[in-house]
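The values are calculated or read from the model by the stated rules, or taken from the named source; none is laboratory data. Quick caveat, the model's predicted, so the values are computed rather than measured. Note that we place each Cβ from the backbone using ideal geometry, even for glycine, and neighbour counts take in every protein chain shown.
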Amino acid sequence: MTTSLRVQVARLRASRLARDAALLFVLNLISRALGFLGSLYAARCLGPVKLGISGVVQAAAQQAGLLYNGGLDPIGVRRIASDPAHAMAVTGAVTRFRMVGAVLLAIGWAGVVLLVDPPGGRAVWLLGIPLLLGTALNLTYVFQALERLPLQNAIASGGALLSALAYLLLFRPGAFLGADLVVLGGATAVVAMVSWIAYRRVTGHWPLVGGHWALARELLRESWRYWLLTGVVFLYASYQVPFVAYFLGARAAGWYRAAVTLAAALELLYNSVNSLLLPRLVRWHGVGLAYMWERQRELLRLFLVVGVLVTVAVVLIAPPLLQRLLGPEFGPAIVVFQVLAGARAVAFWGQIFAWGLAASKQDGAYLLASSLGMVCSIPLNLAAVGRWGVLGVAGVSLVSECVVNGGCFVLMRRHVARSSRAAAPSP
């Protein structure tokens, strides 16, 4: 076992995956530390009620953005990683489709807000439009496929620094409703603009150059399962803030959003590695399914150690630190954050096998595993919210992640076993 471990460590140290992951970890650590402090200060300045209302707007914008998402990110990564010469055509087709969809959706969003006057007022809901448009300009999947993700993460780190500075320098206690959405919208626009410039420097073209509507339709025929998957994932992983707001009020939604924001910092640290996995798994799968499965099991052993250490540290450090930084108004958010930290660790482990299903084109299996999480999440949340409040909703998130990622592992192992039996010579 010692010899095997030494071989694995030596291979890991020599690999580009490890070097890129280390660089991403450092970049994410810096940006998340700054973002963490900035988010805590912003939450304290806004208070739970305002933070909850703007959280509902942010979640609604994310949900609306699913309408033009197309599920195209994993398909784009798969196409470009298998043949980088396709990068310009795929990027042009995806960007064009998403920009048209985002503009149409933004017009509809503005019309509904002006007609309905939603809770919190029209002004704060109109601040969701920049978030809608900014998401359509995202090019992370291209840098991921080209294994240039450290560049994209450096840009994202700059955006996090910009947001943190805006919070720390401009916010004061009693900040106006929607102030955090102004900062998020501005940072999103800056990150998108710099990402487009970086893409041009890497490829020699702007994102809208190349591609055509016929290619977009072809990609959508392949990506429809992932398009459906984005909605399924929202229904087990991202709808909790508006759910809590509806059943428990804006203050409880503010507690839950504060906990989700803190857990997102952990998720981005884990993504230092996970965001690199899909293109690498595509290449491993090209060598052979058995080879990819062996590499996945090696990664799981390493990920388990990292996830357990991070989660234990968070559970121990969070209460005294967050009590001081957030203040007594956010006391219930601390325990919720500890539970969500466990959920993020489970997602970190399971992503090895979720991306493995994507790399081996088991798209239906990936959709099935995520659908199981949705089937568990909604009824369990309805049962838990009245009895245990925000802590019950956080517990359901942990259970849902276990179901989804456990399902990905089981389905990946079943696919490997079936392929092995099919390849075995008949007696």
Here the residues within the range 50-93 that are at pLDDT 90 or above, crowded, with 21+ Cβ neighbours inside 10 Å and farther than 26 Å from Tyr239 by Cα are Val90, Thr91, Ala93
Within the range 188-227, residues being part of a helix (DSSP H, G or I) and either free of Cβ contacts under 8 Å to residues at least 60 places away in the same chain or surrounded by fewer than 16 Cβ atoms within 10 Å (Cβ to Cβ) (or both) number 20
Would you mind telling me which numbered condition in (1) at negative phi; (2) in contact (Cβ under 8 Å) with a residue 24 or more places away in the chain; (3) surrounded by fewer than 16 Cβ atoms within 10 Å (Cβ to Cβ) Gly249 fails?
(1)
Of all helices (runs of 4 or more DSSP H) completely enclosed by the range 58-140, which ones contain at least 1 residues that are in contact with a His (Cβ under 6 Å, 6 or more places away or on another chain)?
72-82, 87-116
From the list Leu168, Leu161, Leu177, which residue is outside any helix (DSSP H, G or I), surrounded by fewer than 20 Cβ atoms within 10 Å (Cβ to Cβ) and out of contact with any strand residue (DSSP E or B) (no Cβ under 8 Å at 6 or more places or on another chain)?
Leu177
Quickly run through the range 300-343 and pick out the residues that are among the aromatic types (Phe, Trp, Tyr) and under 15 Å from Ala265 (Cβ atoms).
Phe337
Only one residue in Gln323, Gln338, Gln351 is among the polar types (S, T, N, Q), loosely packed, with under 15 Cβ neighbours inside 10 Å and either without any contact (Cβ under 8 Å) to a residue 12 or more places away in the chain or in contact with a helix residue (DSSP H, G or I) (Cβ under 9 Å, 6 or more places away or on another chain) (or both). Which one?
Gln323
Checking Glu401 against (1) closer than 18 Å to Ser360 by Cβ; (2) among the charged types (D, E, K, R); (3) surrounded by 18 or more Cβ atoms within 10 Å (Cβ to Cβ), only one condition comes out false. Which one?
(1)
Just to check your reading of the model, which residue among Val393, Val416 is more than 30 Å from Ala245 (Cβ to Cβ), in contact with a helix residue (DSSP H, G or I) (Cβ under 9 Å, 6 or more places away or on another chain) and β-branched (Val, Ile, Thr)?
Val416
Counting just the residues of the range 138-150 that are free of Cβ contacts under 8 Å to residues at least 60 places away in the same chain and closer than 15 Å to Asp73 by Cβ, which one comes out nearest to the chain's Cα centre (by Cα)?
Asn138
